[in-house]
Structures are given as C-alpha cells and as structure tokens.
Amino acid sequence: MVDHGTSAWIAGFSAWTFTGAAGRVYETGLIVLCLYYSNLIGLLIVFFFTCQRFGAMRVVTWMEAVRMRFGAASEQFYTWVKVPLVLFFGGVGLNAIGVFMSAVFDAPMIRR
C-alpha cells in the first residue's frame, strides 16, 4: 500500500532542490540552509494541526476531509476547478524545462 504522506512529501521536492540549491550552496556557503530551516517551525505547526484534525476525522488525505466535511458535491466542484490549474502549472513547468534544456544543449526553441 502506498503511504500518502510519503508521496505528498516527495511531490514537494522540485528541480531547484537538487540543482539550484546545490549551486546556491556552492556560491554562498551554508547560508542557503537558513531558507530550508526557516520553514521548519511553520511546517511543524501545520503537521501537528493536520495530524490532529485528520486523526479526529479518521481520514488520510485532504480530499477525504473535504468530502466528509462538505459533501461529495464540494469535492467534485473543487476537483473540476483544480483541473485547469493543474494543466496550466504543468505547462509552465514543461516550458521551464524546455528553456533550461535549450540553454544547456544550445538548441533553439521553435515557437509556432
């Protein structure tokens, strides 16, 4: 069985974490770690708040909580509103990868 918490945690990582952060540490030293550690307090507050609420509601994912608290119609509405946003952000992410690869391999991006 897939652990939903682990997959949500892994999904939070980005290319910047593995490439940009390493470059920043090389340029500035360990000061960039303050960026990560400054989030720790807020993440812990959200973690404990979410664990308490999800434990009381007996749910694992946030969409289960939406369905349980506001009904199936609210879950469907939120899902269908989110679909275009996810597609848009996916396109932005793919464009960013295309620009990066174009610069790395000195290949022109064709715009039509």
The stretch 73-112: number of residues that are touching a helix residue (DSSP H, G or I) at 6+ places or on another chain (Cβ under 7 Å), closer than 29 Å to T61 by Cα and open to solvent by less than 90 Å² (accessible area, probe 1.4 Å): 2
Residues located in the stretch 32-62, provided they are over 18 Å from the mean Cα position of the chain (by Cα), within 30 Å of Q76 (Cβ to Cβ) and either touching a residue at least 40 places away in the same chain (Cβ under 8 Å) or surrounded by 11 or more Cβ atoms within 10 Å (Cβ to Cβ) (or both): C51, R53, F54, M57, V59
Some residue of the stretch 43-56 being under 25 Å from T19 (Cβ atoms), modelled with pLDDT under 90 and part of a helix (DSSP H, G or I): yes
Residue check for F100: among the hydrophobic types (A, V, I, L, M, F, W, C) and modelled with pLDDT of 85 or more: no
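The values are calculated or read from the model by the stated rules, or taken from the named source; none is laboratory data. Model, not experiment: these values are computed from the prediction. FYI the Cβ positions are ideal-geometry reconstructions off the backbone, even for glycines, and counts take in every protein chain you see. Just so you know, the surface numbers come from the protein's heavy atoms only, side chains and all, with ligands and any DNA or RNA stripped out. Shrake-Rupley method; radii C 1.70, N 1.55, O 1.52, S 1.80 Å.
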